[in-house]
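Notes follow the structure.
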Amino acid sequence: MYEQHRLVAGLGLPPEWAEQLTASLFIQDSIGLVVLDADLRVIAANAGAALFRHAPVRVGTHADTLLAALGVDDAGAQLRHALTADAPVVGRQPLAAHTPSDGTRYLRIAIIRIPPRDAPPRGLLMTLYDVTDQVRAESRAAIVHEAAATIGASLDVTETAQQLVDLLVPRWADLAAVDLARAVLNGDEPVRDPATGYTPAVRAAVARGGAEWPADLVQVGQEPPVPPGRPEALTLERGATLLTPQLVVGSRQDPDLLRRILPAGGHSILAVPLFARGHMLGAVQLWRTERPDAFDEDDARLLEEVASRAALSVDNARRYTRERRVALALQHSLLAGASTGAPAAETFGAYLPTASAAGVGGDWYDAIPLSSLRLALVVGDVVGHGLAASGTMGRLRTAVQALADLDLPPDELLTHVDDLILRLPGDPGGSAAIAGATCLYAEYDPVSGHCRMASAGHLPPVVVGPDGHARYVELEPGPPLGVGGMPFELTDIALEPGSVLVLYSDGLVTGPDHDLDGGMRRLLDRIEQVDAVHRDLDQVARDLLDAPAHEPREDDATLLLARVSPLTDRDSTVWELPDDLACVGQARDLAVRQLATWGLDELAFTTELVVSELVTNALRYGGDGPVSLRLIRGNVLVCEVSDGSNTQPRLRRARNTDEGGRGLFLVAQLTQRWGSRYRQSGKTIWAEQALPQTPGLAG
């Protein structure tokens, strides 16, 4: 007590105050006080402080020895610095103290030089304050705050699970793993196996501080072994927390099983179920192997809070996965087949959904066979994502297909689609039925080699010539569908044999690192690089859709490729017929001779009847003007008769007493399909017949 009293005697206080101050400082046990001489040896201390109960402090002990006993390894330099410092040395960050008896504690140290200044140092006063509870509370609060800020940023189930374990390791545990119900990974609600009573699970994410995950433990993607009756498995399955502060391994337990579920050196386990919206989604498990501290009730409560937040994020990701899967299935079910072998063109279409959280969009493509071997190529884009966009896309595609059967020119077809959209009802939320949809409709005629197209706010297609040079079609895009009141411009271009037409949606040319013009220039360069003219179209499409790894696709993309194959002059012929019923026989003879030239004599009888009926109707009801007959040989035989009338032919069943009215009915019975289409002046009636299986085709 003499040394302590001498320390405060120089304060100028009355003797009784000095004695009382000495008692207050050196008798209290909440703050450790140590007085060191200039050689850093202890000359006084409140040895009864709680801090020194497991590290006794004695007069004459060197400071380094005392600090080592307390588990503090990096405070010696601060003591030596304090001997020459002008101001007290106060540690800004608590120091970690590791001892076998107390585990890890955190101490805040302040060092005061004696005397403070202007004289050689006689020693130091060191105060040590245990702030373990405060540090742990701040650490727990930081974990909860970071969990709220980081977990759930992704709508991918496994990525969310990985965010959780990365948050917990190494700051709180040495190893961590998240096991999720197998159904959750697919977006479905978890269901228990009725045979075992357990929910089939898969290891979704793991983390180990500063090292790889042990090879003996269950790996990501593997199913953890859960033997019937295992207590910890039953605990988690019932939705309760599992806390094992000190693990004791029994001799009767299967060593192979232990190696798979327990890391080497694991002495403390904490596991919490992931429970959200009434569903048991899985569990998060923590192990401590290197750090000596055991998990306690405070750790369990903290993990429960973090796990509850993480479970909601996992369930959100699960529900998003399910909606994305359903939307993608709907999208693919509504799209046309990937490839077609129409005589007009070889086509290949592909749809690539976005990898972002936006989800499946409303892009679509279509290749629609038209009359007389013509082919319609369609690509469109509905603004928005998810099931609503896919459903809207389905309605649009159905409308375009229905109108395409009317053989309308592209500009008129888009006008009808636009009018139809304006009449569609909105959704229950009161929004417009379709807003911001774009569409490009192109019609290719292999007989003339021309392609007519019109755009409703859609980007222009690319034409790749036989020489490999790519260019954009110069067309005037109209307004997007649903605007109404504005016309659409028709563009007519000639395509050389072997040319490739590239139709696409804006997801192929937009990106975070470039504008639309830059993306379109890139697309043009890539099309020329992939050699679209000579390679298989599926390989070309794959190369065009594959974005570099550093350019994640932010929007879904649609691509439709068509390599055109115009018919030769030998595959079609046309005759102008006089306005006289007597020429019907002449028309039959012309058709039969042409079939003989093509080696299609088997079709002569049927074709004679079809030509006779169609030409007769055109001469009788087509009004004044020329009548023409055209035969086209492709994968089918097409017979066309054109006249100057706009009267729509009508199929009816004649009564037994009627002398006529059986012409179109007979045509319908003899051919695969028939129909009519309007021209700028007049109409064309057409009928198709299947070719013989092994025709002896001639030039």
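Data overview
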read-out	value
Enumeration of residues in region 219-248 that are hydrophobic (A, V, I, L, M, F, W, C), surrounded by 12 or more Cβ atoms within 10 Å (Cβ to Cβ) and either farther than 19 Å from M280 by Cβ or modelled with pLDDT under 75 (or both)	V220, V226, A233, L234, L236, L247
Any hit, region 598-620, residues being among the β-branched types (V, I, T), closer than 18 Å to A668 by Cα, without any contact (Cβ under 8 Å) to a residue 40 or more places away in the chain and assigned to a helix (DSSP H, G or I)	yes
Selection from region 584-593 of residues that are in contact with a strand residue (DSSP E or B) (Cβ under 8 Å, 6 or more places away or on another chain) and surrounded by 18 or more Cβ atoms within 10 Å (Cβ to Cβ)	A587, A591
Test: residue in region 555-563 that is outside any strand (DSSP E or B) and surrounded by 20 or more Cβ atoms within 10 Å (Cβ to Cβ)	yes
Residue match in region 170-177 (condition: of a type in the set (K, R) and either assigned to a loop (DSSP other than H, G, I, E, B) or in contact with a Lys or Arg (Cβ under 6 Å, 6 or more places away or on another chain) (or both))	yes
Residue match in region 279-290 (condition: under 30 Å from A96 (Cβ atoms), out of contact with any Phe, Trp or Tyr (no Cβ under 7 Å at 6 or more places or on another chain) and surrounded by fewer than 19 Cβ atoms within 10 Å (Cβ to Cβ))	yes
The listed residue being assigned to a helix (DSSP H, G or I), assigned by TED's automatic domain parsing to the domain that holds L560, modelled with pLDDT under 90 and crowded, with 22+ Cβ neighbours inside 10 Å, out of G519, G507	G507
Of the criteria (1) within 20 Å of W364 (Cα to Cα); (2) among the hydrophobic types (A, V, I, L, M, F, W, C); (3) surrounded by fewer than 24 Cβ atoms within 10 Å (Cβ to Cβ), which one V473 fails	(1)
Enumerated helices (runs of 4 or more DSSP H) restricted to region 14-126, each holding at least 3 residues that are more than 30 Å from R136 (Cβ to Cβ)	15-27
Filter result for D531 (of a type in the set (D, E), in a loop (DSSP other than H, G, I, E, B) and touching a Gly at 6+ places or on another chain (Cβ under 6 Å))	no
Single condition A173 does not satisfy, out of (1) buried (at least 18 other Cβ atoms within 10 Å of the Cβ); (2) over 29 Å from W213 (Cα atoms)	(2)
Qualifying residue in region 672-691 (condition: surrounded by fewer than 14 Cβ atoms within 10 Å (Cβ to Cβ), of a type in the set (A, V, I, L, M) and at pLDDT 70 or above)	yes
Residues located in region 81-104, provided they are of a type in the set (V, I, T) and surrounded by fewer than 15 Cβ atoms within 10 Å (Cβ to Cβ)	T84, V90
Per-region count, region 105-149, residues in contact with a helix residue (DSSP H, G or I) (Cβ under 8 Å, 6 or more places away or on another chain), at pLDDT below 80 and surrounded by fewer than 19 Cβ atoms within 10 Å (Cβ to Cβ)	6
Residue in region 487-501 that is in the same structural domain as H416 (by TED's automatic domain parsing) and modelled with pLDDT under 90 present	yes
Evaluation of V248 against (1) in contact with a strand residue (DSSP E or B) (Cβ under 9 Å, 6 or more places away or on another chain); (2) farther than 19 Å from E223 by Cα (one fails), failing number	(1)
Residue list for region 297-318, filter: in contact with a Ser or Thr (Cβ under 7 Å, 6 or more places away or on another chain), within 20 Å of Q246 (Cα to Cα) and touching a residue at least 60 places away in the same chain (Cβ under 8 Å)	E304
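The values are calculated or read from the model by the stated rules, or taken from the named source; none is laboratory data. Quick caveat, the model's predicted, so the values are computed rather than measured. All Cβ positions, glycine included, derive from the backbone under ideal geometry; neighbour counts span all protein chains shown.
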